[in-house]
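Here's the structure we're looking at; comments come further down.
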Amino acid sequence: MSRINAPKPVRVLLIGMMGSGKSSVGHALARRTGWTFHDNDSLVERATGRTARRLLAESGKAALRAAESAALAAGLALDRPAIVGVAGGALLDRTDRERVGDGGFVVWLRASPEVMASRAAGAEHRPWLEGDAVGWFRRTVAERDPLYASVSDLEIDTGVTAVEGAVDAIVAGLASVPSVP
């Protein structure tokens, strides 16, 4: 596929659970548009000097959530155009949800708990999935889906849509974004 010039320089925010395809879609969208992709895990590690897993083990869940919130703030401060992968748990915080909703073109990537578990299980940086990964996804999807839906401009089921199809949908959706001053 050839690179395109997106119709307007915007910030695309990819939201969804781990295993939903944020990194895969973010990298493919960056290749298509020529924009830079900034992944949450990289933003957290750059800010704290630790991986999310290490931060959780050494400092606890509250410290990880604070780092994810700081990573979101850093992603929202980037010049446009940019593509930002947002931590799945960041949207648990009402203030972070508001910042995401106001921060750009929000794309919710989703898939079934079984698909996300198969993609995410075994990854070193995903400590939540030790044990019953599918059960964790089922419980967490029930909690988070309404939050993701409340801020999304576009929803894509990556369980049935391939990465390039998701990128096509995002590029088409960008046509509806108002011009940025």
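The values are calculated or read from the model by the stated rules, or taken from the named source; none is laboratory data. Here the structure is a predicted model, which means the values were calculated and not measured. When we count neighbours, we look across all protein chains shown, and the Cβ atoms used for this are built from the backbone with ideal geometry, even at glycine.
One line per residue, one yes/no per condition, for (1) touching a strand residue (DSSP E or B) at 6+ places or on another chain (Cβ under 8 Å); (2) buried (at least 16 other Cβ atoms within 10 Å of the Cβ); (3) more than 19 Å from LEU91 (Cβ to Cβ):
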{"site": "LEU14", "(1), (2), (3)": "yes, yes, no"}
{"site": "MET17", "(1), (2), (3)": "yes, yes, no"}
{"site": "SER23", "(1), (2), (3)": "yes, yes, no"}
{"site": "VAL44", "(1), (2), (3)": "no, yes, no"}
{"site": "GLY60", "(1), (2), (3)": "no, no, yes"}
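Across the stretch 33-54, what is the number of residues that are hydroxyl-bearing (Ser, Thr, Tyr) and modelled with pLDDT of 90 or more?
Going through the stretch 33-54 one residue at a time, the tally reaches 2.
Out of everything in the stretch 92-147 that is farther than 22 Å from ALA62 by Cα and of a type in the set (Ser, Thr, Tyr), what residue ends up being modelled with the lowest pLDDT?
Across the stretch 92-147, the extreme among qualifying residues is SER118.
Any idea how many residues of the stretch 70-94 are surrounded by fewer than 19 Cβ atoms within 10 Å (Cβ to Cβ) and either in contact (Cβ under 8 Å) with a residue 12 or more places away in the chain or of a type in the set (D, E, K, R) (or both)?
Total meeting the criteria: 10.
How do the pairs read when you match residues in the stretch 28-42 that are basic (Lys, Arg) with residues anywhere that are surrounded by fewer than 20 Cβ atoms within 10 Å (Cβ to Cβ), using Cβ under 7 Å and keeping only pairs 6 or more apart or on different chains?
Going by the 7 Å Cβ cut-off, the qualifying pairs are ARG32/MET1; ARG32/ARG3; ARG32/ILE4; ARG32/VAL171.
When you check ALA57 against the structure, is it out of contact with any Ser or Thr (no Cβ under 7 Å at 6 or more places or on another chain), modelled with pLDDT under 90 and over 14 Å from GLY16 (Cβ atoms), yes or no?
Criteria met by ALA57.
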